[in-house]
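Data first, discussion second: the structure below is written as structure tokens.
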Amino acid sequence: MASLLLVEDDPGIRGAVIRALTERGHVVRSAPDAMSGLQEAVSSEPDLVILDLGLPDLDGVELLRMLRAVSKVPVIIATARDDDAQIVRALDAGADDYVLKPYSAAQLDARIRAVLRRSLPEDAPKVLEIGGLLIDPRSRDVSVDGRPLELSPREFDLLAYLAARPGQVVTKRELLAEVWRLPYGGADKTVDVHLSWLRRKLGENASEPRFLVTVRGVGVKLIDPGASSHA
């Protein structure tokens, strides 16, 4: 499952694509024009953007350039424009793939999965397993004791970052730099809020942690609850 943003002005196509990708397990947000698409991409931080070029307020390639200035999110162009110059222009602007309308839901889903696989580091682990917690960086699926968890993209990134360093105390400054991409710092409260949301979904709280242990004045670590005491 991936968190997707569809930027498409045609309501019929937009509705059909949303239904088809939702049936395949994805979470899909949408925007009908370029500027609302840019705002949604920045605020919701999807795993991937599906972008039409013929938007009513701004050419899709211009939106892609604006998006690339603030984000590295993978982008698939989905459009009826089939001339080589347009394809080259979009790819040069930072698109990761280009699919022509009309396309099938199966083809688009396959391209989404392929782009997401390519966007992972070569040495990315297949599955992280800590106690009853399973994290798959490739599919971005998470379960605890066999129970699937629905996480936001940021919650997933935070949990995966901690899980890749089991038992290691990670400072909030490091989390802001590596997960939030704020190398010059940010509000610690941002990290605290997301940790609180994660704890709730993991079925624990700060006073009785199972996986996420706060080290006062230092940071947080993710532990194996079946290992030795973390007190």
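The values are calculated or read from the model by the stated rules, or taken from the named source; none is laboratory data. If you're wondering where the values come from, they're calculated on a predicted model, not measured in any experiment. Cβ atoms come from the backbone with ideal geometry, glycine included; neighbour counts cover every protein chain shown.
To keep it simple, each residue is scored yes or no on (1) under 25 Å from R154 (Cβ atoms); (2) at pLDDT 90 or above; (3) in contact with a Lys or Arg (Cβ under 6 Å, 6 or more places away or on another chain).
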| residue | (1), (2), (3) |
| --- | --- |
| A34 | yes, yes, no |
| D52 | no, yes, no |
| L63 | yes, yes, no |
| S71 | yes, no, no |
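When you go through (1) out of contact with any Pro (no Cβ under 9 Å at 6 or more places or on another chain); (2) part of a helix (DSSP H, G or I); (3) modelled with pLDDT of 90 or more one by one for T190, which number turns out not to apply?
The failed condition is (3).
For region 1-19, which residues satisfy the criterion of being in a loop (DSSP other than H, G, I, E, B), crowded, with 19+ Cβ neighbours inside 10 Å and at pLDDT 95 or above?
E8 - this is the single residue of region 1-19 that is in a loop (DSSP other than H, G, I, E, B), crowded, with 19+ Cβ neighbours inside 10 Å and at pLDDT 95 or above.
Between a residue in region 163-182 that is on the phi > 0 side of the Ramachandran plot and any residue that is assigned to a loop (DSSP other than H, G, I, E, B) and loosely packed, with under 15 Cβ neighbours inside 10 Å, which pairs come within a Cβ distance under 9 Å, given they are 6 or more apart or on different chains?
G167/A227; G167/H230; R181/K72
Tell me which residues, restricted to region 20-52, are assigned to a helix (DSSP H, G or I) and not polar (S, T, N, Q).
A20, L21, E23, A34, M35, G37, L38, E40, A41, V42 - these are the residues of region 20-52 that are assigned to a helix (DSSP H, G or I) and not polar (S, T, N, Q).
Quick grid of which residues meet (1) touching a strand residue (DSSP E or B) at 6+ places or on another chain (Cβ under 9 Å); (2) under 24 Å from L91 (Cβ atoms):
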{"residue": "L5", "(1), (2)": "yes, yes"}
{"residue": "G12", "(1), (2)": "no, no"}
{"residue": "R29", "(1), (2)": "yes, no"}
{"residue": "A34", "(1), (2)": "yes, yes"}
{"residue": "S44", "(1), (2)": "yes, no"}
{"residue": "D47", "(1), (2)": "yes, yes"}
{"residue": "D52", "(1), (2)": "yes, yes"}
{"residue": "D57", "(1), (2)": "no, yes"}
{"residue": "E62", "(1), (2)": "no, yes"}
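Which members of region 54-108 meet the condition of being free of Cβ contacts under 8 Å to residues at least 12 places away in the same chain and of a type in the set (K, R)?
K72
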